[in-house]
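I have placed the structure first, in the form of structure tokens, so that the comments after it can refer back to it.
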Amino acid sequence: MNEIGGAPLFFLEFGDIVIYFTPFTLTLFILALVFTVFVLVSRPERQIDIAFGGDAYYAKEISLSELRFRRFMSIACGLACMGAMVTGDVFDFTLFVSLVGICNVGIVAAVKSRHVQNAAYQYGLVALAGTVPMFSAAAMIAATTGTLSMLELAKGMILIPVAAKALLVLGVMGEGMAPFYAAKAEMFRAPGAPYVIMCSLSSLLIFLRVAEVILLL
Amino acid sequence: MWNEYSIGLAAAFACALIGFLALVWERDDLHKLLLIDLVETASLAVIALIGTDLSEALILPGLVVGIAELLALSQIYLTKEGYQHHPVTRLNIEVMMRSPAPVIISAILVVYGIILSGFTGGGIAGLGIVFLLMSRSFSGDFHALEMASGISWALWVAAFFVFMFAPQWWYMALMGAAIGILLKVIAKMSLVGAMWGEPE
């Protein structure tokens with residue numbers, strides 16, 4: 001087996017869907033877990049705006065319902081990340097990645113500001129378009145090799161078309177675009193600091209994992 | 001080189017490409033959303049090209065993820081554009097008042113769906129109930145329906161655990177899963193039908 005992430009430490013089998021931990025995926029899994037716990041326990045930052053031309057400032061209020069929704073979305077995002085890190089099935093991986101995409105849209109879209117919502121909508125369109133190459137890639141891998149299990153594919157018995165790998169990367173790029181939208185100035189006008197971090201972190205993690213998957217196949 | 005699979009793949013990707021080209025030129029946000037949904041269908045076609053039982057099992061989650069993103073984005077679109085509650089009266093397809101046609105059509109669909117069973121049957125029976133609820137302005141309490149949906153889903157999951165841990169009981173698990181998914185899809189689709197419009 002092509003051990004790109006180190007020797008597998010532990011296998012968890014659900015029928016033919018095998019979850020496995022290598023030193024590489026275990027590290028990413030723990031990182032996702034730690035940040036999910038941070039999101040769970042942290043309180044949102046209250047953004048301070050300074051009134052122009054005076055000494056006054058005011059803190060933005062975040063309504064409880066908005067806070068709850070964004071926290072829920074961040075935790076769901078963390079769970080989806082953890083799933084994407086350790087799954088040993090190509091189709092499950094694509095599903096978890098698209099779940100990360102949906103959660104990122106949700107984290108951003110809960111902010112009741114027109115500009116933020118516009119950015120979230122555009123990102124959502126890209127994420128939705130990203131599912132097309134991603135699912136196509138998984139389907140092509142299943143059709144050409146007859147299996148979706150990464151452990152089987154890693155044996156390198158059958159060649160996977162380069163097009164399928166390229167489409168997989170393209171799809172993950174589409175889903176993981178959140179930080180680029182978060183980099184828009186409008187995003188940082190959005191209050192609620194710990195939650196936006198989850199967008200960036202999840203994208204970083206799924207990019208690291210997809211690199212491993214591509215090298216493994 | 002050009003076997004059936006390659007031709008099908010080429011056709012599906014050609015469809016996706018046409019959709020993406022339309023997306024490049026489209027400026028209206030709502031139309032963009034609709035076009036992306038269209039492109040999504042091409043990816044389902046690629047999954048369907050696997051042509052085994054596996055493709056059916058993969059289309060289902062693919063479709064669910066697509067619909068979830070579509071629902072989330074349409075909700076964002078509504079808030080973004082500031083659209084508020086639009087009261088919708090009942091779907092007016094009847095020529096005569098109080099004609100029994102919707103009841104008969106729904107009954108046929110429900111019975112046929114129960115005969116089919118499984119996910120497809122659930123879809124068809126659910127469609128029948130959606131149709132009935134849409135053509136009658138029905139307002140009621142949906143707690144029972146939601147509970148039925150939840151319980152049947154639990155039945156479905158329990159059946160899968162039987163598959164995993166006690167494979168010798170596979171026939172019972174198969175029946176449980178089929179009935180569970182039938183009830184679940186019927187209940188879920190009826191809820192969708194009831195959400196069509198609020199009574200004025």
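The values are calculated or read from the model by the stated rules, or taken from the named source; none is laboratory data. What you see is a predicted model, and the numbers here were worked out from it, not measured in a lab. Counting neighbours? That spans all protein chains shown, and the Cβs are built from the backbone with ideal geometry, glycine included.
Tabulated results
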quantity	calculated
Conditions (1) crowded, with 24+ Cβ neighbours inside 10 Å; (2) more than 12 Å from every other protein chain (Cβ to nearest Cβ): number failed by A:ALA110	(2)
In the stretch A:113-139, the residues that are part of a helix (DSSP H, G or I), more than 7 Å from chain B (Cβ to nearest Cβ) and of a type outside the set (Phe, Trp, Tyr)	A:HIS115, A:VAL116, A:ALA119, A:GLN122, A:VAL126, A:GLY130, A:PRO133, A:MET134, A:ALA137, A:ALA138
Residue in the stretch A:97-104 that is buried (at least 24 other Cβ atoms within 10 Å of the Cβ) and either outside any helix (DSSP H, G or I) or basic (Lys, Arg) (or both) present	no
Extreme residue, nearest to the chain's Cα centre (by Cα), among residues of the stretch A:85-100 that are within 17 Å of A:SER136 (Cα to Cα) and among the polar types (S, T, N, Q)	A:SER98
Test result for A:PHE91, farther than 23 Å from B:LEU78 by Cα and facing another protein chain (nearest Cβ under 9 Å)	yes
Every residue from the stretch B:22-50 that is more than 8 Å from chain A (Cβ to nearest Cβ) and not in a helix (DSSP H, G or I)	B:GLU26, B:ARG27, B:ASP28
Check on A:ALA59, among the hydrophobic types (A, V, I, L, M, F, W, C) and farther than 15 Å from A:GLU175 by Cβ	yes
Test: residue in the stretch A:155-165 that is at pLDDT 85 or above, within 10 Å of another protein chain (Cβ to nearest Cβ) and buried (at least 23 other Cβ atoms within 10 Å of the Cβ)	no
Residue that is nearest to A:THR147 (Cα to Cα), among those in the stretch A:27-69 that are of a type in the set (A, V, I, L, M) and in contact (Cβ under 8 Å) with a residue 24 or more places away in the chain	A:LEU28
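Let's see how each residue does on (1) outside the structural domain of B:LYS188 (by TED's automatic domain parsing); (2) among the basic types (Lys, Arg); (3) more than 23 Å from A:PHE91 (Cα to Cα); (4) surrounded by fewer than 12 Cβ atoms within 10 Å (Cβ to Cβ):
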residue: B:ALA11; (1), (2), (3), (4): yes, no, no, no
residue: B:ILE18; (1), (2), (3), (4): yes, no, yes, no
residue: B:ALA22; (1), (2), (3), (4): yes, no, yes, no
residue: B:LYS32; (1), (2), (3), (4): yes, yes, yes, no
residue: B:LEU35; (1), (2), (3), (4): yes, no, yes, no
residue: B:SER43; (1), (2), (3), (4): yes, no, no, no
residue: B:ALA48; (1), (2), (3), (4): yes, no, no, no
